[in-house]
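Laboratory data are not the source of any read-out in this text; all were calculated from the coordinates shown. Since the structure is predicted, the reported quantities are computational estimates derived from the model, not experimental observations. Backbone-built Cβ (ideal geometry, glycine too); neighbour counts: all protein chains shown.
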Amino acid sequence: MSYLFAAYMAIWILIFGYTLILGRREKQTQEELFLLKKTMEKRLEC
């Protein structure tokens, strides 16, 4: 029964870690998109 509990906890830890990684990637993508939008706005103004 302890193996089942260990496997259950390992899966939840993996899911939590994967969620954190996805959150960081999404934040980086949003920052890059914001920078790209600002760059495009500056180019269109000139």
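Quick notes on this structure:
- Dipole of the chain [Lys/Arg +1, Asp/Glu -1 at C-beta], most positive-end residue of Ile11, Gly23, Leu33: Leu33
- Average silhouette area of the chain, convex hull of alpha-carbon atoms, in square nanometres: 2.6 nm²
- Net +/- balance of residues flanking Leu44 in space, Cβ distance below 12 Å, scoring K and R +1, D and E -1: +2
- Computed about its Cα centre, the charge dipole of the chain is approximately 100 debye, with only Lys, Arg, Asp and Glu carrying charge at their Cβ.
- Phi to ³J(HN,Hα) by Karplus 6.51 cos²θ - 1.76 cosθ + 1.60 over segment 27-34, Hz, x for Gly, Pro: 4, 4, 5, 5, 5, 5, 5, 4
- Counted charge near Glu31, where neighbours are those whose Cβ lies closer than 13 Å (Asp, Glu -1; Lys, Arg +1): +3
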